[in-house]
Amino acid sequence: MATLIGRLAIEPMEDVSVESKALAGGSEACAVAMVTVRYRNRAGRPQVFRFVMKHLTGRPAREAEVYERLVSVHAVDVAPRLLAVERTGTDGVFLCLEAIRRTGAWPWREIRMGTVLLGRLAEFHRAAEDEAPLVPDWDYEAELQLMAEHSRAALERCRGNDDLSDLARDLPSLNRIVAALPKLRVQLLSEHPFGRRPIHGDVHSGNVLVRRRGGGDSPILLDWGRTRLASPLEDVSSLLQSLGYWEPEWRRRHDTLLAAYLSAFGMDRTLTTSVRAAYWMAGASNVLAGALLYHLGIAADHRQSPSRRRAAGIAARDALRVIRRASAWWG
């Protein structure tokens with residue numbers, strides 16, 4: 001900590017005190033903390049600066065490379081500013097980022113901000129189109145296939161659960177998508193003009209803040225640890241499905257928001273058959289990457305509160321709706 005603070009200091013500091021407060025989120029990090037540094041400058045005036053520090057090991061440590069190679073060049077307007085990277089060994093790293101002060105806890109009742117965020121996503125997707133070499137290696141396709149098989153097994157188990165047996169009615173659709181997943185992914189990643197390019201990889205309501213800058217509100221994407229080469233529609237579908245779950249207006253305006261992204265991406269706003277098919281394939285990929293498995297696990301866990309289990313069951317039904325849509329479009 002002392003080493004990092006010394007690197008981040010912009011002036012000599014006296015009477016330094018440091019407070020570290022654990023933050024929620026960053027599920028793949030060993031720890032995430034808000035660090036507040038108080039000190040006196042040469043003139044004796046009290047000063048404060050804050051930053052977020054993430055401790056990452058193993059595969060999640062690639063987020064530091066993502067920031068150094070990609071984000072700091074092509075996503076400066078939509079990500080916290082990189083302050084420092086301190087490597088601790090062969091697979092450990094401390095990632096220090098700008099602390100973002102958000103304007104409100106839940107800004108998403110306003111559709112306008114969603115349109116701004118989709119526009120920023122489109123700008124990033126376009127700017128990073130030719131930057132595949134900047135993305136650290138990750139065999140995401142193999143991991144996705146494994147998670148999809150686990151999701152199928154979890155839905156199979158719902159047959160013997162009186163509270164969740166109705167979910168098993170979607171097994172035929174899920175089986176079809178899981179069996180076709182390798183071919184589905186090849187088709188999705190070759191869909192023109194989206195193709196296979198760097199994406200954020202984990203765009204949902206918990207990973208977006210809105211801050212005030214230059215007299216206006218600006219959306220900021222957190223947690224770039226799942227950045228990978230994939231279809232940009234995976235980011236778009238993740239955002240629209242996530243916020244559509246919480247905000248009915250997002251679900252009602254779904255097609256309008258998707259068209260807004262297409263326009264910002266440089267396409268015609270028309271939702272053609274091929275665009276709709278690719279969108280739902282991207283959505284199914286997101287569901288099978290862990291979301292469905294997570295919700296089914298909570299819904300079946302009697303150690304959880306009844307209200308949390310009910311909410312997880314609703315979320316699982318919502319995820320399976322995406323699978324049904326993808327199954328209907330596939331083939």
(message) As a test question: what accessible area, to the nearest 10 Å², does Ile220 have when a 1.4 Å probe is rolled over all protein chains in place?
(response) 0 Å²
(request) Would you mind calculating the gained length between Arg112 and Ser165 on full extension (0.36 nm times residue separation, minus the Cα-Cα distance), in nm to one decimal? (result) 15.1 nm
(request) Order Tyr245, Tyr67, most accessible first, counting only protein heavy atoms with a 1.4 angstrom probe. (result) Tyr245, Tyr67
(message) So for segment 154-306, averaging the separation of alpha carbon pairs under 8 Å that are six or more residues apart and normalising by length, what relative contact order in percent results?
(response) 22 percent
(request) Excluding Leu146 itself, calculate the net charge of residues whose Cβ lies under 13 Å from the Cβ of Leu146, where each Lys or Arg counts +1 and each Asp or Glu counts -1. (result) -3
(message) Mean-square fluctuation check for the chain, GNM, Cα pairs under 10 Å: which of Pro219, Pro12, Pro60 is largest?
(response) Pro12
(message) Pairs of alpha-carbon atoms within less than 8 angstrom and 6+ residues apart define the contacts here; what relative contact order does the chain have, in percent?
(response) 16 percent
(request) With label points built 7 Å along Cα→Cβ from the Cα atoms of Val76 and Arg252, find their separation and express it in nm. (result) 4.1 nm
(request) At 37 °C and 0.692 mPa s, grab the translational diffusion coefficient of segment 278-331 from Stokes-Einstein with a Kirkwood Rh over Cα pairs, rounded to a whole number in µm² per second. (result) 286 µm²/s
(request) Kindly list the residues of segment 52-96 that lie in the label zone of Met1, defined by a backbone N under 14 Å from the point 7 Å along the Cα-to-C-beta vector. (result) 52-55
(message) Quick check: the angle from helix 273-286's long axis to the longest principal axis of the chain, C-alpha only, nearest 10 degrees?
(response) 60 degrees
(request) Could you tell me the largest-minus-smallest coordinate of the C-alpha atoms of the chain on each of the three principal axes, in descending order and whole angstroms? (result) 70, 49, 40
(request) Calculate, for the chain, the solvent-accessible area per residue in square angstrom, rolling a 1.4 angstrom probe over the heavy atoms of the protein chains. (result) 48 Å²
(message) Accessible area of segment 207-331 with a 1.4 Å probe: how many percent of it is carbon plus sulfur?
(response) 53 percent
(message) If you average the alpha carbon positions of segment 212-235 and of segment 128-147, how far apart do those two centres end up, in angstrom?
(response) 17 Å
(request) Compare His192, His55, His302 in a GNM of the chain, Cα atoms joined below 10 Å, and give the one with the largest fluctuation. (result) His302
(message) What distance in nm separates the two pseudo spin-label positions at Arg59 and Arg102, each 7 Å out from Cα along the beta-carbon direction?
(response) 2.7 nm
(request) Quick one: order Asp170, Asp77, Asp130 from most to least accessible surface, probe 1.4 Å. (result) Asp130, Asp77, Asp170
(message) Using the Cα centre of the chain as origin and beta-carbon charges of +1 (Lys, Arg) and -1 (Asp, Glu), tell me which of Leu233, Ala61, Val48 is placed farthest towards the positive end of the dipole.
(response) Val48
(message) I want to make sure I understand the PRE zone here: with the label point 7 angstrom from the Cα of Glu19 toward its beta carbon, which residues in segment 33-50 have backbone N atoms less than 18 Å away?
(response) 33-41, 46-50
(message) Order Trp250, Trp138, Trp329 by their accessible area, 1.4 angstrom probe, all chains in place, largest first.
(response) Trp329, Trp138, Trp250
(request) Please calculate the 1.4 Å probe accessible area of Ser237, with all protein chains present, and give it to the nearest 10 Å². (result) 0 Å²
(message) Compute a Gaussian network model of the chain, connecting alpha carbons closer than 10 Å, and tell me which residue from Ser218, Ser285, Ser238 fluctuates the most.
(response) Ser218
(message) If you average the C-alpha positions of segment 82-114 and of segment 1-38 separately, how far apart do those two centres end up, in angstrom?
(response) 14 Å
(message) Can you give me the angle between helix 111-127 and the longest principal axis of the chain, using Cα atoms only, in degrees from 0 to 90, rounded to the nearest 10?
(response) 80 degrees
(request) With everything on Cα atoms, drop me the angle between helix 140-157 and the longest principal axis of the chain, reported from 0 to 90° to the nearest 10. (result) 60 degrees
(message) For the pair Tyr140/Met267, report the inter-label distance in nm, with labels modelled 7 Å from Cα in the Cβ direction.
(response) 1.7 nm
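The values are calculated or read from the model by the stated rules, or taken from the named source; none is laboratory data. Nothing here was measured: the structure is a model prediction, and the numbers come from that model. All Cβ positions, glycine included, derive from the backbone under ideal geometry; neighbour counts span all protein chains shown. Surface accessibility is based on the protein's heavy atoms, side chains included, excluding ligands, DNA and RNA. Shrake-Rupley method; radii C 1.70, N 1.55, O 1.52, S 1.80 Å.
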